[in-house]
Amino acid sequence: MAENRNKSSLIAIVSINLMVLSAMLTGCNARTPNLLSKSQEIQLGKQLSAEQAEQSQFITSGPEYERLKRVEAKLIPLAKADYDVPYTVQLIDSPEVNAFAAPGGPIYFYLGLMKLASSDDEVASVLGHEATHIVKRHSAKQISDQMLKSNLAAIFLGNQGELAQVAASLLINFQSMKFSRDDEGQSDENGFRYLVRAGYNPDAMASFFEKMGKAAGSSGSPEWLQSHPLTDTRVKKARQRAEDYKSTGALP
Ligand SMILES: [Zn+2]
């Protein structure tokens, strides 16, 4: 008897959540609904950073580390003012030219990217881009999208404790997660605002993209470009934003 009641209340919770879900899906907003709360994003980010710590060797001293920490100190407060989560920026000892952000705060830079980005300004242009993925909650949207496509959303909504398992079953790989072109565009544009507001050279994003393009032409494509295709439009927009800012003093 008691067991039946428990079962039916569970069914009731799941079906209410399904109603909420279908209401979100059929709503006038065609974009994917975000099924993760801020605290779930933070929880997921902590879990991912524990996993990352097991697989990676971090650099915690030396010139590249100092440079990254210097840029972090100027730029991350701007991101935190927009979306308050516990940001961490870590440097992975690997020659890969890569950087990525996980939901809820963790950001990773690879030594290979730090060596290619030879100035603080260029490091800031990548950090601004990656921080914006967190601020605009692009990963959470991506996870929500994958959950909906794989019918895991109802399970997740019916049992909030299962976040870790759901995330694991989606085989989410944040190191190579591809965002939509719109989300990438938003990260470039808002990243540019952080770059300038933190006091860095407005040309740095365009110059770093051009450098990436050259590296791709010579010695194998930098890993960052695999999740961040460097289209002509993207480079042109970065150059245009810098030119517009320098001539008008207005941020996009
Ligand atoms: Zn990106």
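The values are calculated or read from the model by the stated rules, or taken from the named source; none is laboratory data. Given the structure is predicted, the values throughout are model-derived calculations rather than measurements. A quick note on method: Cβ atoms are made from the backbone with ideal geometry, for glycine too, and the neighbour counts reach across all protein chains shown.
Quick notes on this structure:
- Residue in segment 99-112 that is part of a helix (DSSP H, G or I) and not charged (D, E, K, R) present: yes
- Against the numbered list (1) of a type outside the set (A, V, I, L, M, F, W, C); (2) assigned to a loop (DSSP other than H, G, I, E, B); (3) within 21 Å of the chain's Cα centre (by Cα), Lys237 comes up short only at (2).
- For segment 114-134, the set of residues classified as among the aliphatic types (A, V, I, L, M) and more than 13 Å from the ligand (Cβ to nearest atom) consists of Met114, Leu116, Ala117, Val123, Ala124, listed by residue number.
- Any hit, segment 110-117, residues being among the small types (Gly, Ala, Ser) and within 27 Å of Ser180 (Cβ to Cβ): yes
Rundown of residues vs (1) in contact with a Pro (Cβ under 7 Å, 6 or more places away or on another chain); (2) within 15 Å of Leu113 (Cα to Cα); (3) surrounded by 16 or more Cβ atoms within 10 Å (Cβ to Cβ); (4) aliphatic (A, V, I, L, M), yes/no style:
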site	(1), (2), (3), (4)
Lys178	no, no, no, no
Asp183	no, no, yes, no
Asp188	no, no, yes, no
Gly191	no, no, yes, no
Arg197	no, no, no, no
Phe209	no, yes, yes, no
Pro252	no, no, no, no
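- Number of the condition not met by Asp232 [criteria: (1) without any contact (Cβ under 8 Å) to a residue 24 or more places away in the chain; (2) within 16 Å of the ligand (Cβ to nearest atom)]: (2)
- None of Pro86, Pro106 is of a type outside the set (A, V, I, L, M, F, W, C), in contact (Cβ under 8 Å) with a residue 12 or more places away in the chain and surrounded by 18 or more Cβ atoms within 10 Å (Cβ to Cβ) except Pro106.
The rows are residues; the columns are (1) of a type outside the set (A, V, I, L, M, F, W, C); (2) outside any helix (DSSP H, G or I); (3) over 30 Å from Ala215 (Cα atoms).
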{"site": "Gln40", "(1), (2), (3)": "yes, no, yes"}
{"site": "Ala53", "(1), (2), (3)": "no, no, no"}
{"site": "Ile76", "(1), (2), (3)": "no, no, no"}
{"site": "Ser94", "(1), (2), (3)": "yes, yes, no"}
{"site": "His129", "(1), (2), (3)": "yes, no, no"}
{"site": "His133", "(1), (2), (3)": "yes, no, no"}
{"site": "Lys141", "(1), (2), (3)": "yes, no, yes"}
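- Top-ranked residue of segment 136-146 - restricted to ones that are more than 12 Å from the ligand (Cβ to nearest atom) and either within 15 Å of Lys178 (Cβ to Cβ) or not charged (D, E, K, R) (or both), ranked as surrounded by the fewest Cβ atoms within 10 Å (Cβ to Cβ): Asp145
- Unmet criterion (only one of (1) surrounded by fewer than 16 Cβ atoms within 10 Å (Cβ to Cβ); (2) at pLDDT 95 or above; (3) of a type outside the set (D, E, K, R)) for Ala12: (2)
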